[in-house]
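Below is one structure, written out as structure tokens; comments come after it.
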Ligand SMILES: [Zn+2]
């Protein structure tokens with residue numbers, strides 16, 4: 001029997017993360033605002049939306065953070081100018097987005113003045129729509145793009161030449177241009193120099209991102225000191241780039257559902273004074289029981305299992321949406337002094353029980369009948 005008791009300061013929150021403001025079209029049966037109303041959610045994070053009227057309505061019930069990423073368009077809906085380029089001058093897509101159908105597949109280059117302006121303007125627009133915070137997804141930008149062959153745009157090349165002038169590297173000729181040097185392999189006469197330049201280029205792109213995010217953050221904060229800036233910090237890591245943000249929203253894996261993982265993350269967040277929200281990529285309700293317990297025990301915000309990305313490879317559009325009624329029970333109990341237990345396995349139906357003490361005598365009990373054959377919730381009941 002798995003059993004976790006929950007104590008604490010109740011500083012953590014169960015938050016809703018709706019990737020888009022549903023319904024997104026006439027066929028969409030989901031409705032973010034109706035769900036927010038039903039659950040009494042006070043915070044919606046990581047939402048992609050430009051809908052002035054929709055966000056105004058949402059703001060009546062919950063504060064929300066809006067998301068942006070390196071694909072902020074520069075020309076209408078399209079990503080044309082100021083983009084990360086490969087060595088041949090072609091615009092680059094992130095490898096995992098290569099098959100996604102979208103108007104704006106290309107990442108901006110942090111060294112391009114066009115993209116610097118576009119990224120700042122986008123933040124201003126989102127804040128003007130009423131966001132309490134901004135979430136920057138894929139905040140590694142050029143630091144990550146260097147792994148798939150970027151960025152060789154003119155701004156990066158000029159910037160890299162300047163960077164090298166203070167690096168102590170002995171360059172083979174004056175007016176050095178890294179792209180021209182690599183393209184003309186006859187001149188690449190030293191494998192040692194080639195390796196040194198490659199290492200320095202990674203360092204340069206990393207420092208470019210640190211400078212870009214720092215400048216962007218400082219400009220935003222000088223105008224809106226209270227705005228919260230979050231990033232997608234995979235597994236709750238706080239690298240130099242992620243540490244430029246106030247907080248992180250991180251996807252964790254089933255194997256991270258351990259006391260040691262959460263304890264270590266708690267200690268890091270405390271020492272760095274960072275706010276951390278976790279989201280679990282799973283469509284298994286039983287995993288969520290462990291997840292809620294651990295988030296409560298170690299005081300992390302937890303993303304509710306609704307609109308949670310669980311796809312892999314070909315199913316990259318798969319998202320998990322738990323039943324609204326069950327989610328309502330989970331929400332109402334997350335803050336209470338409660339215990340989730342996985343009681344027993346009977347004919348492959350698992351009973352997951354939540355006991356919430358309303359006062360010293362009364363206990364609400366939720367029993368969820370869950371099939372471990374197909375990971376489906378068969379039904380659930382609340383016993384008062
Ligand atoms: Zn560039």
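The values are calculated or read from the model by the stated rules, or taken from the named source; none is laboratory data. In this text the structure is predicted, and so the values were computed from the model without any measurement. Please note: Cβ atoms are built from the backbone with ideal geometry, for glycine as well, and neighbour counts cover all protein chains shown.
Taken over the range 134-153, residues that are on the phi < 0 side of the Ramachandran plot and surrounded by fewer than 18 Cβ atoms within 10 Å (Cβ to Cβ) amount to 3.
When only residues in the range 1-22 that are assigned to a strand (DSSP E or B) and within 13 Å of residue 301 (Cβ to Cβ) count, which is modelled with the lowest pLDDT?
Narrowing the range 1-22 to residues assigned to a strand (DSSP E or B): 2-4, 14-16, 20.
The next check asks that each one be within 13 Å of residue 301 (Cβ to Cβ); those that pass are 14-16.
Numbers: 14: 86, 15: 90, 16: 89.
Per the criteria, the residue is 14.
With respect to residue 131, determine if the residue is assigned to a helix (DSSP H, G or I) and surrounded by 15 or more Cβ atoms within 10 Å (Cβ to Cβ). If you could, list the steps in order and put the result at the bottom.
On the way: assigned to a helix (DSSP H, G or I): no; surrounded by 15 or more Cβ atoms within 10 Å (Cβ to Cβ): yes.
Spelling it out, it is not the case that residue 131 is assigned to a helix (DSSP H, G or I) and surrounded by 15 or more Cβ atoms within 10 Å (Cβ to Cβ).
Results for (1) more than 19 Å from the chain's Cα centre (by Cα); (2) within 14 Å of the ligand (Cβ to nearest atom); (3) on the phi < 0 side of the Ramachandran plot, shown as yes or no for each residue.
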{"site": "62", "(1), (2), (3)": "yes, no, yes"}
{"site": "71", "(1), (2), (3)": "no, no, yes"}
{"site": "79", "(1), (2), (3)": "yes, yes, yes"}
{"site": "82", "(1), (2), (3)": "yes, yes, no"}
{"site": "85", "(1), (2), (3)": "yes, yes, yes"}
{"site": "98", "(1), (2), (3)": "yes, no, yes"}
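The condition (being assigned to a helix (DSSP H, G or I) and at positive phi) is satisfied by just one residue among 263, 235: 235. Scanning the range 120-168 for residues that are within 16 Å of the ligand (Cβ to nearest atom) and farther than 18 Å from residue 92 by Cα yields 158, 159, 160, 161, 162, 163, 164. Once the range 105-119 is narrowed to residues that are within 13 Å of the ligand (Cβ to nearest atom) and outside any loop (DSSP other than H, G, I, E, B), the residue that is nearest to residue 201 (Cα to Cα) is 108.
Scanning the range 291-307 for residues that are within 17 Å of residue 255 (Cβ to Cβ) and surrounded by fewer than 22 Cβ atoms within 10 Å (Cβ to Cβ) yields one hit, 298. The set of residues in the range 31-78 that are within 21 Å of residue 104 (Cα to Cα) and assigned to a loop (DSSP other than H, G, I, E, B) comprises 49, 50, 51, 69, 70, 71, 72, 73, 74, 76, 77.
Total residues in the range 23-55 satisfying the condition of being modelled with pLDDT of 90 or more and crowded, with 19+ Cβ neighbours inside 10 Å: the figure is 10.
Return a yes/no flag: does the range 131-144 have any residue that is assigned by TED's automatic domain parsing to the domain that holds residue 212, within 27 Å of residue 46 (Cα to Cα) and without any contact (Cβ under 8 Å) to a residue 12 or more places away in the chain. Break it down into steps so the answer makes sense when it comes.
Initial filter on the range 131-144 (assigned by TED's automatic domain parsing to the domain that holds residue 212): 131-144.
Now restrict to residues that are within 27 Å of residue 46 (Cα to Cα): 131-144.
When the remaining residues are screened for being without any contact (Cβ under 8 Å) to a residue 12 or more places away in the chain, the result is none.
For the range 131-144, residues assigned by TED's automatic domain parsing to the domain that holds residue 212, within 27 Å of residue 46 (Cα to Cα) and without any contact (Cβ under 8 Å) to a residue 12 or more places away in the chain: absent.
Would you mention how many residues in the range 168-193 are under 28 Å from residue 70 (Cβ atoms), free of Cβ contacts under 8 Å to residues at least 40 places away in the same chain and surrounded by fewer than 16 Cβ atoms within 10 Å (Cβ to Cβ)?
1
Consider residue 268 carefully, then state whether it is assigned by TED's automatic domain parsing to the domain that holds residue 63, more than 14 Å from the chain's Cα centre (by Cα), exposed (fewer than 13 other Cβ atoms within 10 Å of the Cβ) and over 16 Å from residue 45 (Cα atoms). Criteria not met by residue 268.
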